[in-house]
Amino acid sequence: MTKGIWVFVEHRENLIKKVVFETLSEARKIADQIEDELCAVLIGKSNDSLVESLSEYGVDKIYLAENDVLKTYTTDGFTNVMSDLIRKYEPRALLIGCTINGRDLAAQVAQRLATGLLTDCTGIEVIDSQLVFTRPIYAGKATVKASCKTNPVIATIRPNTFAAVQNKKDPKIVKTVTDCGNIRQVVIDAVRQVSQRPELTEANVVVTGGRGIKGPENFKLLEELADVLGGAVGASRASVDAGWAPHSMQVGQTGKTVSPTLYIACGVSGAIQHFAGMSSSKCIFAINNDPEANIFKIADYGIVGDLFEVVPLLTEEFKKL
Ligand code: FAD
């Protein structure tokens, strides 16, 4: 009998990713429905503050797998440990945030255990005691509901999809013996871009610049607007390909998927591949000087105008609020 809904706890520099809390909150509801337990799996170096944060989100049990070699994420190390834990405890499901590391881990573990993987899910429900996941297909044009016949089902969860709701519990801590197996990668150094802005996939507001921004120097305009709104700055592939922004800022099919409360597209035409990365934004606002631009078909609000006039005006107005 498989038992437990597991959520992988992605953390870095003593901070747990927001998507973990969002996933735990949704998984708590599902666990209550099927009277199962909600477990967090913390691999790497843990500490009281990480455990404390998890206990705020309704976790029944925390599996701790600690080992110095797991201090930073490596595909081999985390896959070996997670696969062994799953073999030992046989959970019903493993939910992982759809982040860069999360996608890597989910695919590796699913392959290792020859079990089903559903990616980039935006909904979870219980139908006939089965976990059923909603996921966008055809670049967000449609959604499907899917379940897996194999156990455990592994699913990656799109950030910013579920609300993180606090629900204090006193979780049982299970320290597991950690044999990390053969690890072929060694992380020598991690060079981080220092930014005061939120991470693109976790931001509540995203301001994106397309080819209409006309050059790298003009991203400053978008940064000013993003800063007033506490948001992050994204880029279309055309801007990235032109060398105006790094690939880490690209939104779309071959970039990042974002689901902010507000998505402001500036000088973006609204190609299907761009749509794939931002269609689940709660409110889409477009600024484009072409009234026929495709982006207006999907936008909730739009301004037909020159972004070089509109964006500074918006920034000034938002500053007054
Ligand atoms: P354009 O299509 O050139 O649009 C620029 C817009 O700016 C126009 O609508 C124009 O009217 C407007 N504009 C110009 N000047 C101004 C101004 N002064 N004020 C206001 N508006 C102005 N694209 C992505 O974005 N992300 C992806 O991940 C991605 N993956 C892809 C994967 C594949 C396999 C393929 C084939 C394509 C992919 N693309 C992706 C590319 C995609 O098809 C489009 O080419 C790209 O999104 C266009 O970017 P854009 O909207 O910035 O540029």
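The values are calculated or read from the model by the stated rules, or taken from the named source; none is laboratory data. Predicted, not measured: the structure shown is a model, and the values here were computed from it. Cβ coordinates were reconstructed from backbone atoms using ideal geometry, including for glycine residues, and neighbour counts include every protein chain displayed. The protein model used for the area step is the full one, side chains on, heavy atoms only, and it has no ligands, DNA or RNA in it. Shrake-Rupley method; radii C 1.70, N 1.55, O 1.52, S 1.80 Å.
Here is the figure for the range 246-271: residues that are more than 10 Å from the ligand (Cβ to nearest atom) and of a type in the set (S, T, N, Q) total 3.
Please find, within the range 277-295, the residue that is farthest from the ligand (Cβ to nearest atom) out of those that are under 20 Å from Val205 (Cβ atoms), without any contact (Cβ under 8 Å) to a residue 40 or more places away in the chain and hydrophobic (A, V, I, L, M, F, W, C). Let's see the steps before the verdict.
The initial filter retains those residues of the range 277-295 that are under 20 Å from Val205 (Cβ atoms), namely 277-288, 295.
Of the ones still in play, those that are also without any contact (Cβ under 8 Å) to a residue 40 or more places away in the chain are 277, 282-287, 295.
Next, only the ones that are hydrophobic (A, V, I, L, M, F, W, C) stay: 283-287, 295.
On the way: Cys283: 19, Ile284: 14, Phe285: 13, Ala286: 9, Ile287: 6, Ile295: 7 Å.
Applying the filter and picking the extreme gives Cys283.
Hand me the list of strands (runs of 3 or more DSSP E) wholly inside the range 139-182 holding 3 or more residues that are within 20 Å of the chain's Cα centre (by Cα). Even if it seems obvious, please write down each step before you answer.
Working: elements: 142-146, 153-157, 172-175.
It comes to 142-146, 153-157.
Is it the case that some residue within the range 140-157 is at pLDDT below 95 and within 16 Å of the ligand (Cβ to nearest atom)? Within the range 140-157, one or more residues are at pLDDT below 95 and within 16 Å of the ligand (Cβ to nearest atom). If you go through the range 183-217 and keep only what is open to solvent by 100 Å² or more (accessible area, probe 1.4 Å), more than 20 Å from Thr74 (Cα to Cα) and either away from the ligand (no atom under 13 Å from the Cβ) or not in a loop (DSSP other than H, G, I, E, B) (or both), you end up with Val194, Gln196, Arg211, Glu217. Within the range 300-311, the set of residues being within 12 Å of the ligand (Cβ to nearest atom) and either farther than 11 Å from Ala265 by Cβ or open to solvent by 20 Å² or more (accessible area, probe 1.4 Å) (or both) comprises Gly302, Ile303, Val304, Gly305, Asp306, Phe308, Glu309, Val310, Val311. Scanning the range 277-287 for residues that are buried (at least 22 other Cβ atoms within 10 Å of the Cβ) and either among the small types (Gly, Ala, Ser) or over 19 Å from the mean Cα position of the chain (by Cα) (or both) turns up Gly277, Ser281, Ala286, Ile287. Taking the range 239-269 as the range and being farther than 24 Å from Thr119 by Cβ, without any contact (Cβ under 8 Å) to a residue 60 or more places away in the chain and open to solvent by less than 30 Å² (accessible area, probe 1.4 Å) as the test, the residues that pass are Ser239, Ala245, Ile264, Ala265, Cys266, Gly267.
Answer yes or no: is there a residue in the range 130-137 that is farther than 26 Å from Tyr89 by Cα, modelled with pLDDT under 95 and not in a loop (DSSP other than H, G, I, E, B). Among the residues of the range 130-137, at least one is farther than 26 Å from Tyr89 by Cα, modelled with pLDDT under 95 and not in a loop (DSSP other than H, G, I, E, B), which makes the answer yes.
Out of curiosity, is Thr134 surrounded by 15 or more Cβ atoms within 10 Å (Cβ to Cβ), under 19 Å from the mean Cα position of the chain (by Cα) and in contact (Cβ under 8 Å) with a residue 24 or more places away in the chain? First the steps, then the outcome.
Values: surrounded by 15 or more Cβ atoms within 10 Å (Cβ to Cβ): yes; under 19 Å from the mean Cα position of the chain (by Cα): yes; in contact (Cβ under 8 Å) with a residue 24 or more places away in the chain: no.
No, not satisfied.
Condition check for Gly215 on (1) farther than 26 Å from Ala142 by Cα; (2) touching a residue at least 24 places away in the same chain (Cβ under 8 Å); (3) in contact with a strand residue (DSSP E or B) (Cβ under 8 Å, 6 or more places away or on another chain): one failure, at (3).
Condition check for Cys266 on (1) over 16 Å from Arg237 (Cβ atoms); (2) in contact with a Leu (Cβ under 8 Å, 6 or more places away or on another chain): one failure, at (1).
If you go through the range 147-160 and keep only what is under 20 Å from Leu105 (Cβ atoms) and either without any contact (Cβ under 8 Å) to a residue 12 or more places away in the chain or surrounded by fewer than 21 Cβ atoms within 10 Å (Cβ to Cβ) (or both), you end up with Cys148, Thr150, Asn151. If you go through the range 123-143 and keep only what is closer than 17 Å to Asp32 by Cβ and hydrophobic (A, V, I, L, M, F, W, C), you end up with Ile124, Val126, Ile127, Leu131, Val132.
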